[in-house]
Amino acid sequence: MQNKFDNNNFEIDTEQAKKYAFRVRLREVFTDGLFTLVKWNFLFVICSLPIVTIAPAVAALFNCTNLQVTDDRPQFSASKWFFASFKAACRKMFVPGIFFTLANIVLVFGFAFYLKLAGTSAVYIPLASFSLLALVIIWAVAIHAFPMIFRETDFDAGIVSTNDKNLTEIAKEAAALALTKTKATAIVLILGFAVVTAQFLFFPASTPVVLTLGFALPAQAAALAHTEPEIIDM
C-alpha cells in the first residue's frame, strides 16, 4: 500500500522514493564499493582453497556483501571485516559446513554425470533432474541462511558475533524467507548458477574473473535478494 503526501500539488510516493533511494545505494555499491568487492572476492578464493573451509568462506562473503548493501559499513579495513566474519563462521558451522560442501560436490558431479548419460537413455533424466532440484533448494535456502548466521558486528572492536539460534532453526527461517521472496530468490539463483558455471566451463581462461568478481557479484546479488526484494520489481 502506498502512502502519499499532497501539499500544493506536490506529491510524494513513498514506495517509489524507497526504490529510488535503493537504486542510488546500488550504484554506490557497484562504483565506490567495487574495489572492496574485488578484495572480498580474492579473500574468498584464498580462504576456500583448503576445501573444508568453503562454507565458512561463503558465509563470510555473504555477510560482507549483505552489510554493504544495507549501508552498515565498518570503519576498519575490508580485509579485517572479511576475516572477522570468516572466523565467526568457522566457530559456528565448520563441521556442518564440511557436509554442506560435500553435498554440493556430490550433487554437481551427479548432475553432470547423469546429464551425460541422459543422452544414451531417458532413464537418467529423472536422476539428473533430482540432482539439479536438490542444488536449487539448497542454495535457495543458503542465500538467506548465510547472512542470518551472523547476529551483530562490533565495528569498533572488529568483532563479528553469530546468531544464538542453531543452524536448523536458521535454515527453517531461511526457507520461509525464500518462499516469501520467491521471485528475487529465483532470479538470483539463475544468475548465480550461470555466472559460476561459466567460470568453471571456461577455466583457466576465466581465471581473471574468478580472482576478481566471479564470486563477489553473485554474492552481491544474493544480498540484494535477501535485503531488498523490491529491487526485482523495478
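Using a 1.4 angstrom probe, figure out how much accessible area segment 104-232 has per residue, in square angstrom, rounded to the nearest whole.
55 Å²
What is the spin-label model distance, in nm, from F130 to T70 if the labels are put 7 Å beyond Cα along the C-beta direction?
3.8 nm
Under 5 Å between amide hydrogens, which residues at least 5 positions from R151 or on another chain qualify, with H placed 1.01 Å from N in the peptide plane?
Residues meeting the criterion, in which the H sits 1.01 Å from N, are S161, T162, N163.
With Kirkwood's inverse mean 1/r over C-alpha pairs for Rh, give me the Rg to Rh ratio of segment 114-189, two decimals please.
Value, to two decimals: 1.20.
Under a crude label model (7 Å from the Cα following the beta-carbon direction), how far is K80 from V123 in nanometres?
6.1 nm
Extension gain F94-K183, at 0.36 nm per residue separation less the Cα-Cα distance, in nm?
Result: 29.0 nm gained on full extension.
What's the carbon and sulfur percent of segment 48-203's accessible surface, probe 1.4 angstrom, rounded to a whole number?
It is 72 percent, rounded to a whole number.
The values are calculated or read from the model by the stated rules, or taken from the named source; none is laboratory data. This one's a predicted model, so the numbers in the text were calculated from it and none came from an experiment. Reconstructed Cβ throughout: ideal geometry from the backbone, glycine too, with neighbour counts over all protein chains shown. These area figures cover heavy atoms from the full protein model, side chains too; ligands, DNA and RNA do not enter into them. Shrake-Rupley method; radii C 1.70, N 1.55, O 1.52, S 1.80 Å.
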